[in-house]
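Structure, as structure tokens:
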Amino acid sequence: MNIIKFLDEFKTENLMSVKASRREIFGTFGSLGKRAALAAIPFGLVAMPTRTYAQTSGDPVSALQLALTLEYLEDEFYELGLQSGVIPGGRPEIVFQQISQHEAAHVEFLRAGLQGAGATPVEKPTFDFTVGGAFDPFNDNGVGQETAYAQFLALAQAFEDTGVRAYKGQATNLMGSQFLTPALQIHSVEARHASEVRRIRGLKGWIVRDERGEGMPEPTQAVYDGEDNVIQGGLDVTTIGSGSPFTIDASTEAYDEILTGDEAVAIASLFIVS
Amino acid sequence: MKKNVIKVIQPKEGRFNQRRQFLKLSGFALVGTGLLMSCGNDDDVHNPPDEDVFDLGTGDLGVLNYAFALEQLEADFYTKVVNGTYWSGASSTEKQLLLDLYNHEVNHREFFSAAISAEIGSNTSAKRPTLEFDFGSVNFNDRTQVLATAKVLEDTGVAAYNGAGRLLSNPDYLVIAGKIVSVEARHASAIRSLINPDSADFSGDDVVTVNNALDVALDPSQVISNLGDTGFVVTPFTANSLP
């Protein structure tokens, strides 16, 4: 199955303003400097709905295909990062080697799971981690080692935090299926990764309010929008006690929020050429 | 406080489900020394009076009570951490990190307390007692011991939520469990990173399978059994209707 076709089908509503492909969306900015235009596009703009769409529930295969797409993205990103020479030796190299191995294993695991369920895994897309030249995380275009590594780390943080939120958003679609527990087991691995990458970047391992954190490019804000929610199961968790555990900071750090399938697709789509 | 921990044996077979089986640990038992008595049949067991013991219950409420128990344990632990001399003398980064963990776990604990109250409504007799803990074997003035215990608790939390997700039937609770488990995993990663900074331990091969890169998922019976081994939980309880 073609990835773009899958991503289109995955959308639970035909978001007209969004129907255009990534290329077409970018085309509308054609008169601007491409680089400047792309850098100004928030991650989520391509398919950012103006309201939250309820997802069709109970489709484990679509949920797994989305997960596989995100794992393809992470897997290739880390593999290229490790090959690029941009990642310093020592802790960063050790950390990203481990993360890379995990993402590669997740790809294989999900492909096997889908095949076992009688579904054809989506094909690996062609990725563009420069987003048309806005980034240069592997120093392919000569932005320089230091800047390239900073961009690599920023994208790694965005991908891991996206992965955590996206898997969480698919959990209800996997209820009652044999895939729920394995998906949760992947989800917590992504969270371990996210915490470490954030800490390497000098941030807390958890997300404060909806802050993307120091040094994160503005276009990554879509990854963090909605993380400032304090209502859990109908309870405002800032009001269930007093003192430091119930500040807005603590109350938002203590709960990670979901991304809907549409929101996750929108973020991933920015890096998918075809 | 006399240490008097009840370990719960959780038979897998349905025919045992209605039977409570307990195991008392000696007050002198050392953590992890395997002094646990095995519990094969009722003849070997001194059953405490039933009124001393509560059961976590069934269905979603049982899982909420289970999560509440785990969050009480973590919150109590970090409350003692931030009152210990290791914490007060730690670097500012480490201090903030552990204070964050205290904040998060206390928030989780109060969330489950409130959620359970909402779930049981006017049936207040269904509310389970607050648990008591005894971390007597942990020296809260010692960094190594505090971090090692934090690592066990956080990894246990991750494994417990991962294993409990499938037991929930209300999708809203599943989502909330998901919102919490990823934060527990972020904690586990950070604690592991503090213990062994320049390593892959944050997502180490001891908790994430090498082949499929899957984190641990444990049934409540396994988690409760593991907790029994720590000797931290003083208040006896059972989970006879959870796997």
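Read-outs: derived from the displayed coordinates by stated rules, not from any lab. As the structure is a prediction and not an experimental result, all values here were calculated from the model. Quick reminder, even Gly has a Cβ in these numbers, built from the backbone with ideal geometry, and neighbours come from all protein chains shown.
Please label the shape of segment B:124-194 as rounded, prolate or oblate, based on the square roots a ≥ b ≥ c of the eigenvalues of the alpha-carbon gyration tensor (a/c under 1.5 means rounded; beyond that, a/b larger than b/c means prolate, else oblate).
Numbers: a/c = 3.32, a/b = 1.41, b/c = 2.36.
Here segment B:124-194 falls in the oblate category.
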* Kindly put A:223, B:53, B:146 in sequence by how many other C-beta atoms sit within 10 Å of each C-beta, fewest to most. => B:53, B:146, A:223
* Structure fact -> Checked segment A:161-261 against the a/c 1.5 cut and the a/b vs b/c comparison, axes a ≥ b ≥ c from its Cα gyration tensor; verdict oblate
* **Euclidean distance of C-alpha centroids, segment A:103-153 and segment B:205-226, integer Å** => 28 Å
* Average partner coverage of A:244-255, which counts Cβ from other chains inside 10 Å -> 6
* Structure fact -> Here segment B:94-105 yields Karplus 3J(HN,Hα) values (6.51, -1.76, 1.60; θ = phi - 60°; whole Hz; Gly and Pro given as x) of 5, 4, 5, 4, 6, 5, 4, 4, 4, 4, 5, 5
* Check residue A:232: other-chain or 5+ apart residues with amide H under 5 Å from its amide H, H built from backbone geometry? -> A:237
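Considering only Cα-Cα distances, which of the following residue pairs are longer than 27 Å: A:204/B:179; B:127/B:151; B:151/B:179?
Details: A:204/B:179 17 Å; B:127/B:151 30 Å; B:151/B:179 20 Å.
The pairs that break the limit, which is 27 Å between Cα atoms, are B:127/B:151.
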* Structure fact -> Expected sort for B:116-125, B:86-95, A:90-99 on mean C-beta neighbours within 10 Å, highest first, is A:90-99, B:86-95, B:116-125
* Asked: So what's the net charge close to residue A:241: Lys and Arg +1, Asp and Glu -1, counting the other residues with Cβ under 13 Å from its Cβ?
  -> -3
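On average, how many beta carbons from a partner chain sit within 10 Å of the beta carbon of a residue in B:105-117?
Values: counts 2, 8, 15, 5, 3, 8, 9, 2, 2, 8, 5, 0, 0.
Whole-number average of other-chain Cβ neighbours for B:105-117 is 5.
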* In terms of modelled amide H atoms, which long-range or inter-chain residues lie less than 5 Å from the amide H of residue A:272? -> A:128
* Structure fact -> Here the whole-number average of other chain Cβ atoms within 10 Å per Cβ of B:93-101 is 3
* Quick one: which residues, 5+ away or cross-chain, put their amide H under 5 Å from the amide H of residue A:209? H built at 1.01 Å from N. => A:252, A:253
